[in-house]
């Protein structure tokens, strides 16, 4: 008996597992598009550091964008879970196609496709329905994770119980999923009960009454949840701060939206039935029409975001823009997939329905669920085949036209991302190499400096400028008077270039420069880049629109924003003064007749470097090896700000810079993310001049990367604890993953050059001073950098103690122990929050930075022995 019960239980379990696998298979066949977009959203949230800073910025000063993001993900959740049902029916999954009849409702010429059941006893696969409804739930789970990931750096290094936080966050994810299972199971039970007692009229009435009570309770709960959510919005607007309390406010709000979504998905039909009687909706026609209207509103918002770039209007947060683009792309693709499926169905539906005796033209219209006075909008059953043929012909022609234009576009030359080459102006003021060397010889009584700055987006840009300004203040302006060159990559090079402009504009006024740096830091470059990347710039990739707006792309308008901020201008067109002439006239001459030379680095697609050097040098010289001399083109010159933009061409967000007759150039980080390579090239070139041979040279490297700081801590730990090697259990990686990680790592050359300079500094004529942006680092981050878990217990204990000691220095300096957090660790981003700027201002005055500045000051006090 016992074994018999065990066997039955095992059989039921196997049947349940088989049903789940079968339901999941049906779900997968109909939901591939939704799963793809959910994967994209998860990847963007998890992989983009910028996303975290964007959320903090919304909390601090753009709550309108934050609320709009919540509205968007709520509608997105509904759309993601709704449209797969049409693929489900169209693909005849679970024999659903023949048990439904389909209608095209014309609204303003836009066909809205709806359906109704033929067989009222048709049984849904509620497990497949559960998986489909979970599609919408996943976006809320991703949003929970997004909030947690953003707040994690503050939570983990505070006194809060991280285990409790993780447990509660998990509950917020599980409860809506359990609620969905319970509600759908209830519906399944009621439906089964009605079918089981269909021969007993009294039992059917009783079963339907029970189901009605259940649905009434559900609709009431849904309406109540909507009221709670609306009230909660006001609470968020009034009380939300970047704090521990703010974390829970956001998590609870996401939870409430998830619950509201579950109630809406389960009881939507009942709500429509109620409002149908009040003439507010016309069955599912109104439901789908509101999706369309919402999509139009989102589209108009994106049009505004594109126009805002050209007219310098206020921009929404980049996260809202990104989600809006994803929503539009999904909605358009889902509608197109549905459209083609419906045309296929309409081509055969008339013949299929004629085989069913009780289906007539009158009954067909009556069962549509559309009000009698609105049924003239429906395409009659007799006209469906001709409707399908006409639409399919038009759709086929448009599809072929898009394919042809796409092929032409790929092979058509475009000038959208081309840098404009201006003809050389006669008698323009330039500085040649001999004149620059003469200026250097005047400074050989003290050490000469080479400054290099790592890439890293706006994070690197602002950090580099703030470090330079701090050094200038501490050395009373003497530092740059002894500096030979600025060389960097990407955001670091942007910072060096922009600081050069500020130094020329506000000579010696470090407070004014600091104010301008903060003004640049608050600019919303991310929104502008995103708006144009998927908007007007993307549209202009297509032929014949690729001829529109020559030379004017998103990088161009970013540089317009920089120029207008730095130089207090309002025009939307950049000056045509060449790179060399601008540096000589606006920077060098304005700064006491001396300023470090600028080396703008970029990477060519064939592996060569592209270099804009502010000092004119003979074209046949070997100053920068394996490089193109872009500051002295054969047919003219590139303007200053456009030359600067060429170093900051991070793939995807920024387009490659095209220079006519020379090729395409991308972000300098592809070759050397530090700028040290060009600094060493210049150093070696100047060594050929005997006057500089006995002068001490100091290489200052401004570093902002988190991994770079981890490597610095590892080296420091090894030196202090006399550790030769870490014992680790390697984390196994697939060959492809290993290849990608190695290929995409930008620190290969910078780390090599850093080690090279460290060893080279044993030479009394060479010094190396790295300046790191400090972070609070966890043990698991060190293990992630090393590529495996530490296995030596003593090393783990010592390293934990070491990290606690180093983290305490940072924590003490940022002094963020109040109820509202005032700092946030910088991320790789093009839009910084107010708290990120505060983080810079506090850590730059810590011993982690002041020690290096003191070292620079000590070098400036030394004298060089002249021969």
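Only the coordinates and a few stated rules stand behind these numbers; no lab work does. None of the values given here were measured: they were computed from a predicted structure. Please note: Cβ atoms are built from the backbone with ideal geometry, for glycine as well, and neighbour counts cover all protein chains shown.
Mind checking the full-extension length gain between residue 107 and residue 660? Use 0.36 nm per residue of separation minus the Cα-Cα distance, one decimal, nm.
194.1 nm
Classify the stretch 494-644: rounded, prolate or oblate, from the alpha-carbon gyration tensor (a ≥ b ≥ c, eigenvalue square roots; a/c under 1.5 rounded; otherwise prolate if a/b is larger than b/c)?
Values: a/c = 2.03, a/b = 1.11, b/c = 1.83.
Oblate.
Please work out which option in (i) 203; (ii) 291; (iii) 303 gives volume of the Cα convex hull per residue in Å³ calculated from these coordinates, and answer with its label.
(i)
How far is it, in nm, from the label point at residue 550 to the one at residue 383 when both lie 7 Å from their Cα along the line to the Cβ?
Modelled inter-label distance: 5.0 nm.
If you line up the long axis of helix 49-61 against the longest principal axis of the chain, both from Cα atoms, how many degrees apart are they, to the nearest 10?
It is inclined by approximately 80 degrees.
Put a dot 7 Å past each Cα toward the Cβ at residue 43 and residue 519; how far apart are the dots in nm?
Here the answer is 4.0 nm between the modelled labels.
Relative to the compact globular guide of 2.2 N^0.38 Å, what is the alpha carbon radius of gyration of the stretch 586-661, as a ratio?
1.17
Kindly state, to the nearest 0.05, the FRET efficiency for residue 605 paired with residue 310, given R0 = 30 Å and r defined as their beta-carbon distance.
0.55
Arranged by the count of other C-beta atoms within 10 angstrom, fewest first, what order do 841, 722, 794 take?
722, 794, 841
Using helices alone, I'd like the mean residue ellipticity at 222 nm for the chain: each DSSP H run of four-plus residues gives -39500 (n - 2.57), total over residue count, nearest 500.
The per-residue figure over the chain is -20500 deg cm²/dmol.
Roughly what angle does helix 32-47 make with the longest principal axis of the chain, taking Cα atoms, 0 to 90 degrees, to the nearest 10?
30 degrees
Please find the FRET efficiency linking residue 437 to residue 478, where r is the Cβ-Cβ separation and R0 is fixed at 22 Å, and quote it to the nearest 0.05.
E(calc), rounded to 0.05, equals 0.60.
Give me 578, 78 sorted ascending by neighbouring Cβ count inside 10 Å, so fewest comes first.
Listed from fewest to most nearby Cβ atoms, that is 78, 578.
Compute the Cα gyration tensor for the stretch 633-751, then decide on rounded, prolate or oblate, letting a ≥ b ≥ c be the square roots of its eigenvalues: rounded whenever a/c is under 1.5, prolate when a/b is larger than b/c in the other cases, and oblate in all that remain. Working shown, then result.
Working: a/c = 2.81, a/b = 1.28, b/c = 2.19.
In terms of gyration-tensor shape, oblate.
Please give the contour-minus-distance gain from residue 181 to residue 231: 0.36 nm per residue of separation, less the Cα-Cα distance, rounded to one decimal in nm.
15.3 nm
Given the Cα-Cα distance of residue 619 and residue 373 and 0.36 nm per residue of separation, how much length would full extension add, in nm?
80.5 nm
Taking the 0 to 90 degree range and rounding to the nearest ten, how far is the long axis of helix 676-687 tilted relative to the main principal axis of the chain, both from C-alpha atoms?
Roughly 20 degrees between the two axes.
What whole-number value in cubic angstrom gives the convex hull volume per residue for the C-alpha atoms of the stretch 659-703?
Per residue, the Cα convex hull of the stretch 659-703 comes to 98 Å³.
Using label points projected 7 Å from each Cα along Cα→Cβ, tell me how many nm separate residue 820 and residue 798, to one decimal.
4.5 nm
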